[in-house]
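FYI, it's all coordinate maths here, none of it is from the lab. Being a predicted model, the structure only gives us computed values, none of them experimental. Here Cβ is always computed from backbone atoms with ideal geometry, including for glycine, and neighbour counts include all displayed protein chains.
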Amino acid sequence: MLGRRLKQRGDTLIEVLFAVTVFSLVAVGGISIMNQGTNTSERALEITLVRQEIDAQAEALRFLHDAYVTAYQTNATYPVDTPQGQWAEMLKSIIATDTKSASDFGNVTACSSAAPSGSFIINTRSATFIAPDKGKLQPASLYSRVNYGTLNGKSVVDSAEGIWIEAVRSATSSDSGESNAGFIDFHIRTCWETAAKTAPATLGTIVRLYEPRG
């Protein structure tokens, strides 16, 4: 009878602790891998959505530019509610801001103050210029995006979170062969805080558009 009881004895405390330790290591490792996968998927989705916002801004700029170039005449004025009129309004703001070079985008450590003075945004739904003094540029609460609303049945920009445009206009050439043409480099930039990263995520592109002068 005593020998049978010895054969039926339970696990020792050391064995139980070892089993719990192995299970904990496996569980923690599995959760860590799941978190990494979730963060990677979230970041990939954010990048896709932000690239779509950047592309929309670039296409809106090209549309306004093409309308302006098509209608261009020396010393002409354009109705403000037309695409060429919106380009003309944007051009006035760019000239007044007189940005000599784009900001140092490679050393952004925080998105709260990334957009420099004079930056602006385009309402891509109505192809309208949103001036810097409208106060629409804000840090990203989730990822870089333009938030839209409606006012009197028209599309309006409620806020531009972590996305902005810096425009750098070329100087007037002293060469008579180049005096009637110039260009503007539009630096479309985004900055937002992303999961499991100590540094903010940044994306951007440059659109160079030539303008008639003279």
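Summing +1 for each Lys or Arg and -1 for each Asp or Glu among the other residues whose beta-carbon sits under 10 angstrom from that of PHE120 gives 0. Were the residues from ALA19 through LYS100 laid out at 0.36 nm apart, the gain over their Cα-Cα distance would be 22.5 nm. For segment 74-214, the tally of Lys pairs with Cα-Cα distances below 30 Å comes to 9, considering only residues 8 or more apart or on different chains. Placing pseudo-labels 7 Å out from each Cα toward the beta carbon at GLU42 and LEU142 gives an inter-label distance of 1.2 nm.
In segment 61-100, the C-alpha radius of gyration followed by the widest Cα-Cα span (Dmax) gives 10.1, 29 angstrom.
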